[in-house]
1. If you go through the range 95-117, how many residues are touching a residue at least 60 places away in the same chain (Cβ under 8 Å) and assigned to a strand (DSSP E or B)?
2. Please state which of the following conditions S80 fails to meet, knowing it meets all the rest: (1) surrounded by 17 or more Cβ atoms within 10 Å (Cβ to Cβ); (2) farther than 20 Å from M117 by Cβ.
3. Would you pick out the residues in the range 100-149 that are crowded, with 18+ Cβ neighbours inside 10 Å and of a type in the set (A, V, I, L, M)?
4. Looking at the range 50-69, which of the residues that are closer than 17 Å to K145 by Cβ and of a type in the set (A, V, I, L, M, F, W, C) is surrounded by the fewest Cβ atoms within 10 Å (Cβ to Cβ)?
5. Against the definition (outside any helix (DSSP H, G or I) and either out of contact with any helix residue (DSSP H, G or I) (no Cβ under 8 Å at 6 or more places or on another chain) or modelled with pLDDT of 75 or more (or both)), how does E82 come out, yes or no?
6. Note down all Cβ pairs under 7 Å where the first residue falls in the range 61-77 and is in contact (Cβ under 8 Å) with a residue 24 or more places away in the chain and part of a strand (DSSP E or B), the second is basic (K, R) and exposed (fewer than 13 other Cβ atoms within 10 Å of the Cβ), and they're at least six residues apart or on different chains.
7. Spot the failing condition for A86; the list is (1) surrounded by 19 or more Cβ atoms within 10 Å (Cβ to Cβ); (2) within 15 Å of M154 (Cβ to Cβ); (3) of a type in the set (G, A, S), and only one is missed.
8. Filter the range 119-143 down to residues that are without any contact (Cβ under 8 Å) to a residue 60 or more places away in the chain and in contact with a strand residue (DSSP E or B) (Cβ under 8 Å, 6 or more places away or on another chain), then give me how many there are.
Amino acid sequence: MNRREAVIAGIAGIAVAAAVAPRTDAETSEGTNPDLDQIRALLRAHDEAFTNQDLGGIMACLTEKAAIMGTGPGEIWSGSDEIKVAYQHFFEGFDKGEQKFQYQFRIGGVTSEMGWMLTSGNVLGKKDGKDFAFPLNLSMTVAKKDAKWLIAAMHFSTLTGGAAPGSKDTE
């Protein structure tokens, strides 16, 4: 898979992190919290819409002024028009319904109106029936509007070289 394909497929990992903890480490956020349940549901909805290449479903998960940033220079999309075009291109990077996400590390926090998380793992999928896999880092900010959590900002990156000395191993 070339860099462009990896970046396009990398967006596939946007919705897979499923935990944002209340002012604590998200790795230990398995407890009951209504906000966490709503954020997990939001991420599942985005993941399902993305996997099914449902642009309307994706847009329903985002704030009005959402922004997405990729790995390379110039890979930033803000506002619904730019985000819609970006996702239409992202859909070209994988077969509809053919992706799985595996995360080994996540951390985050949530307040009454905002939340954040960082996660790292791997994306597995298919393009034209052929398997692919790549590592993915993801950060995400969520905001509450009218008692509903929405994705305000996301940043994803894919590893293009070897792991840096001192970085956490995600294998």
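1. 13
2. That leaves (1) as the condition not met.
3. I107, V110, M117, V123, L136, L138, M140, V142
4. The selected residue is A60.
5. Criteria not met by E82.
6. Short answer, once both residue conditions are applied: T63/K145.
7. (1)
8. 10
The values are calculated or read from the model by the stated rules, or taken from the named source; none is laboratory data. Just so it is clear, the structure is predicted and the values come from calculations on it, not from any experiment. A quick note on method: Cβ atoms are made from the backbone with ideal geometry, for glycine too, and the neighbour counts reach across all protein chains shown.
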